Amino acid sequence: MNVSSPIGIFDSGVGGLSILREIRRAFASEDLLYVADSAFVPYGDKSPQFVEARSLAITKFLVDQKAKAIVVACNTATGAAIATLRAGFSMPIVGIEPAVKPAVGKTASGVVAVLATSGTLSSDKFANLLARFGGDAEILIQPCPGLVEQVETGNLHGEKARALTAKYVLPLLERGADTIILGCTHYSFLALLIREIAGPGVSIVDPNAAIAHELRRRLEDNDLLSPVPRSGTERFWTSGAPDDVKPVISQLWNADVEVRRLPKRYCRPDIPFESPR
């Protein structure tokens with residue numbers, strides 16, 4: 001690792017592009033690597049052991065690409081694998097979790113809703129988060145099967161996406177929620193739709209910008225920030241079919257991009273794990 005090495009980011013699919021966007025805004029000079037594990041999306045309905053195995057395989061790939069830091073741009077993968085990744089790899093590793101603490105600080109009604117995958121909501125990490133920061137607020141948890149798939153197809157505004165989002169959001173409003181946490185990076189791409197459905201009196205809490213701040217802190221602490229004033233690059237890989245994934249990444253990234261296929265040896269969930277320490 002050195003200051004000129006790239007930063008690696010991964011997610012189960014294209015949802016982590018919402019974090020990649022925040023990282024690009026905050027780090028204009030850094031080279032960025034992004035892996036969409038599209039062959040196995042969504043992670044939310046997979047076992048923690050499976051998600052951990054995929055996270056290890058992709059992190060090993062990013063390490064082999066000389067990444068100086070890893071961002072786990074997926075709530076489910078953070079819950080299932082972040083401790084294992086930090087124990088096995090020596091570079092800074094930043095995860096993401098539902099922003100319960102700031103949401104509880106915002107609510108006026110005392111009712112906070114969390115939209116997330118089943119995997120995130122059932123994790124020990126999420127239970128600990130509620131115990132630490134839930135306070136006296138009523139926390140409504142809402143798994144959202146199908147929303148990740150809408151984003152994966154690039155359908156952010158269609159009737160199916162609207163109907164599915166309304167199905168999950170409206171009952172929360174009826175129970176008094178005035179603050180909604182986006183507990184999946186895919187849902188950031190549905191934030192405008194969620195705002196339309198929820199109305200102006202409801203706060204939407206998205207933790208993505210905070211991840212870029214934490215990444216900066218960790219890079220500074222390890223003297224890994226790139227000092228060179230230049231335009232950084234982005235490279236994209238997927239474990240799925242690049243021809244299928246490329247149009248959606250290009251749509252969400254708002255630029256035509258090249259998407260490479262992840263090498264086969266990193267696409268097996270049981271890939272042997274060798275620590276680089």
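Structure values in brief
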item	result
Where the Cα pairs of segment 155-272 fall when distances are cut into 5 Å bins, in %	2, 9, 12, 13, 14, 16, 15, 10, 6, 2, 0
Charge sum, other residues only, whose C-beta stays under 15 Å from residue 246's C-beta, Lys/Arg counted +1 and Asp/Glu -1	-3
Percentage relative contact order, the chain, counting C-alpha pairs under 8 Å, at least six apart	28 percent
11 Å beta-carbon shell around residue 82, net charge (K/R +1, D/E -1)	0
Karplus-derived HN-Hα couplings along segment 27-35 (A = 6.51, B = -1.76, C = 1.60, θ = phi - 60°), whole Hz, x at Gly and Pro	9, 5, 8, 8, 7, 10, 10, 10, 10
Segment 127-143 - phi-based ³J(HN,Hα) in whole Hz, Karplus 6.51/-1.76/1.60, Gly and Pro as x	4, 5, 4, 5, 5, 7, 10, x, x, 8, 6, 8, 9, 9, 9, 10, x
Largest-first principal axis extents, alpha carbons of segment 73-150, Å	43, 30, 18
Highest-first arrangement of 88-97, 103-112, where packing means the average Cβ count within 10 Å	88-97, 103-112
Angstrom value of the Kirkwood radius, inverse mean 1/r, which spans all Cα pairs in segment 100-206	13.8 Å
Spherically averaged projected area of segment 1-130 from its Cα convex hull (nm²)	8.4 nm²
HN-Hα J in Hz across segment 11-17 - Karplus 6.51, -1.76, 1.60, θ = phi - 60°, x for Gly and Pro	8, 5, x, 8, x, x, 4
Local net charge near residue 110, Cβ-Cβ under 12 Å (Lys/Arg +1, Asp/Glu -1)	-1
Long-range amide H partners of residue 69 with built H, under 5 Å	8
Principal axis dimensions, the chain - Cα atoms, whole angstrom, descending	50, 40, 38
Nitroxide proxy distance, nm - points 7 Å out along Cα→Cβ at residue 86 and residue 101	1.3 nm
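Quick note: the coordinates plus some simple rules give every number you see, no bench work behind them. Note that the structure is predicted; figures quoted are calculated from it, not measured. Don't worry about glycine lacking a Cβ; one is built from the backbone with ideal geometry, like all the others, and counts go over all protein chains shown.
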